[in-house]
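Presented below is the structure to which this report refers.
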Amino acid sequence: MKKLYIETYGCQMNVNDTEVVFSILAGAGYERTEDMHEADVIMANTCSVRDGAEQRILGRIEQFHACRKDRPGLVVGILGCMAERLKDRLLDSGKVDVVAGPDAYRNLPALLAAVSEGHPQMDVELSREETYGDIRPLRIDKNGVSAFISIMRGCNNVCSYCVVPYTRGAERSRDHRSIVREACECLEMGYKEVTLLGQNVDSYRDGEVSFADLLDMVAALDPALRVRFSTSHPKDISDRLIAVMAARPNICRHIHLPVQSGSDRLLEKMRRGYTREWYLGRVRAIRSAMPDCAITTDVIAGFCSETEEDHRLTLSLFEEVGFDAAFMFQYSERPGTLAARRYPDDVPPEVKNRRLEEIIALQNRLSLESNRRDVGKRFEVLVEGPSKKGSGQLCGRNAQNKMCVWDDSVHRPGEYVTVQVTDCSLATLFCELV
Ligand code: SAH
Ligand code: SF4
Ligand code: F3S
């Protein structure tokens, strides 16, 4: 067996893709190692979503290349979105032996075999059909409690700032039977939580089966299986989906609903396909069906032509919704996107930075307020493992996806416990067992 080390960047779908790659290469005689210093093959599964992500990975490639000094036969591979975006530019650097895009992973055994004869290899062909639906991912998560299941690939939305449709290709949904089968296998292996993944899960469709139907089928497998999903697109999240969630207590009370901006003018320019009023209407629909449902979001500060007034609209939307948590970014121009071709990246870096800081400061207050409202409440929590601080504490998330920690020397990962919140910080609920 040869030893394969993979470092994963970017979204949860990339984490699941890495598991698919381990599975494909296990069949070709490669076993997984977590120590890059003993690896025969080092790979990075990469992300292109912002320039910062790419720069970090380019720095990592230098370090991988440096490892060749001690290990002459070492093979370095780049997978994922950067492989797709930069293509042969990665090979030209002379530091990379294999470049494989997100739809080319079945070809990796052949690419690696050819590399061993001394020729760099590349496959960045995108597909209209590939979903890896028949491949059983080799799960890399350590606690054996929570598994990712990709239900679709690609994206058809073409938001003007976003590189994903270019790196991942057209949207395609995976056969629903293979998804249900994979969820059953996860249950048999002892997993207690599955997260259904797609760039826009609400546009999932396999014949007659919509995302709401699929979610219902997976949740019906076992009431003790927690079901999560990500990401919902505000323009597509349906009343039926909300109703299915409300009717199934084992579908977690958490919706990640990226808003990107609070200004209609910018939402239009971003090509998001909804308005601020529509977004707020979806939030009301979710909360009236499930008052305890957490809502989290993504936002971009400093998109092309953003004014102080646009920025204030984003802040006021945050205040109005009171998000439980958010991922907050500065706009990063991506070559080839509609925004890069059409609109100048004209918000100065210091202004982007200041606006981002203002959003972060506001969200920190909202997160803390959200957590404070939970003090005194009881939650069922799925035990994930020892807390980061260790010392006799366990951690796990509640249905709202909030991290809970409590003193416990009895329970094991994968068990459900009931805890009561006694205190909180920005990011954690401090609890005791009841
Ligand atoms: N499919 C998901 C988002 C995937 S990318 C959705 O539509 O919601 C994750 C997040 O990265 C996005 O929600 C957006 O907030 C951010 N992002 C994407 N492109 C970006 C860019 N060019 N600059 C800054 N942030 C970006
Ligand atoms: Fe990017 Fe928009 Fe597709 Fe999300 S929905 S991946 S932001 S193009
Ligand atoms: Fe990044 Fe590609 Fe995911 S660009 S966010 S790894 S789809």
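The values are calculated or read from the model by the stated rules, or taken from the named source; none is laboratory data. Bear in mind the structure is a predicted one, so any value in this text is a computation, not a measurement. We place every Cβ from the backbone using ideal geometry, glycine too, and count neighbours over all the protein chains shown. When the accessible area is computed, the model is the full protein with side chains, heavy atoms only, and any ligands, DNA or RNA have been set aside. Shrake-Rupley method; radii C 1.70, N 1.55, O 1.52, S 1.80 Å.
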**Complete:** In the set 361, 326, 339, the lone residue that is part of a helix (DSSP H, G or I) and within 11 Å of ligand 1 (Cβ to nearest atom) is 339
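Out of all the residues in the stretch 315-332, which are among the small types (Gly, Ala, Ser) and either under 21 Å from residue 353 (Cα atoms) or within 16 Å of ligand 3 (Cβ to nearest atom) (or both)? Give the derivation first.
Taking the stretch 315-332 first, the residues among the small types (Gly, Ala, Ser) are 316, 322, 325-326, 332.
Matches in the stretch 315-332: 316, 325, 326, 332.
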**Prompt:** Of all residues in the stretch 220-250, how many are small (Gly, Ala, Ser) and buried (at least 22 other Cβ atoms within 10 Å of the Cβ)?
**Reply:** 1
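Quick one: which residue in 207, 169, 144 is under 18 Å from the mean Cα position of the chain (by Cα) and either in contact (Cβ under 8 Å) with a residue 24 or more places away in the chain or on the phi > 0 side of the Ramachandran plot (or both)? Show your work before the answer.
Details: 207 fails: under 18 Å from the mean Cα position of the chain (by Cα); 144 fails: under 18 Å from the mean Cα position of the chain (by Cα).
From the options 207, 169, 144, the qualifying one is 169.
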**Message:** Can you pull out every residue in the stretch 300-322 that is free of Cβ contacts under 8 Å to residues at least 40 places away in the same chain and within 26 Å of the chain's Cα centre (by Cα)?
**Reply:** none
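Just to be sure before I move on: is residue 55 open to solvent by 40 Å² or more (accessible area, probe 1.4 Å) and in contact with a Leu (Cβ under 8 Å, 6 or more places away or on another chain) in the structure I sent? Even if it seems obvious, please write down each step before you answer.
Working: open to solvent by 40 Å² or more (accessible area, probe 1.4 Å): yes; in contact with a Leu (Cβ under 8 Å, 6 or more places away or on another chain): no.
In short, no.
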**Request:** Take the stretch 80-100 and flag every residue that is farther than 9 Å from residue 120 by Cβ, more than 16 Å from ligand 2 (Cβ to nearest atom), part of a helix (DSSP H, G or I) and among the aliphatic types (A, V, I, L, M).
**Result:** 83, 86, 90
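Listed here are the residues, each with its yes/no results for (1) more than 24 Å from the chain's Cα centre (by Cα); (2) open to solvent by less than 60 Å² (accessible area, probe 1.4 Å).
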position	(1), (2)
328	no, yes
337	no, yes
345	yes, no
366	no, yes
376	yes, yes
**Message:** Of the conditions (1) within 15 Å of ligand 1 (Cβ to nearest atom); (2) under 29 Å from residue 381 (Cα atoms), residue 149 satisfies every one except a single condition; which number is it?
**Reply:** (1)
**Fill in**
For residue 333, the lone unmet condition from (1) in contact with a helix residue (DSSP H, G or I) (Cβ under 9 Å, 6 or more places away or on another chain); (2) more than 16 Å from ligand 2 (Cβ to nearest atom) is (2)
